[in-house]
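Enquirer: The structure follows.
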Amino acid sequence: MARRGGFQGMPGNMNNLMKQAQRMQRQMEEQQKELEEKEFTASAGGGVIEVTVSGKREVTKVKIDPEAVDPDDVEMLQDLIVAATNEALKQVEEAQAENMSKMTGGLGSLGGFGL
């Protein structure tokens, strides 16, 4: 009788693939936790405004140099705060993308599937 073939040794390969996926998931979780604990600071207006955000994308600190405070131009102060906040959030996104790139860079070798 003919053997149904094509899948000899597959359970071992699947186990290895599952172990690699689990290890990668643990590494991703660890890197995400590390990222959430980091702080990212950006400035605007030549440094008169500084905003710090956490890796969780929460504003943790705003520093305003007194020379940035002009009662006749509150709009400029607001714009500087927005600019610094957006730049700090951009830093968080870039760090997350870098972490993801590091993790997914090895996907091509998982089980020879060439993902």
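Enquirer: Could you work out the Rg to Rh ratio of region 38-107, with Rh taken as the Kirkwood radius (inverse of the mean 1/r over all Cα pairs)?
Expert: 1.15
Enquirer: Further, regarding this structure: Compute the FRET efficiency between A21 and K61 as 1/(1 + (r/R0)^6), taking r as their Cβ-Cβ distance and R0 = 41 Å, and round to the nearest 0.05.
Expert: The calculated FRET efficiency here is 0.60.
Enquirer: Once R0 is set to 41 Å, what does the formula 1/(1 + (r/R0)^6) return for the Cβ-Cβ distance between V69 and K38, expressed as a FRET efficiency to the nearest 0.05?
Expert: 0.90
Enquirer: Specify which residue in the list A42, I81, V69 is farthest towards the positive end of the charge dipole of region 38-107, using unit charges on the beta carbon of Lys, Arg (+1) and Asp, Glu (-1), about the Cα centre.
Expert: A42
Enquirer: Of all trypsin sites (Lys or Arg not before Pro) in region 23-104, which ones are in loop regions per DSSP and have a Cβ with at most 12 other Cβ atoms within 10 Å?
Expert: Qualifying residues, ordered by number: K56.
Taken together, the values in this text are just the output of simple stated rules run on the coordinates, not laboratory data. Everything numeric in this text was worked out from a predicted model, so none of it was measured. Because the Cβ atoms are built from the backbone with ideal geometry, glycine has one as well, and the counts that use them run over all protein chains shown.
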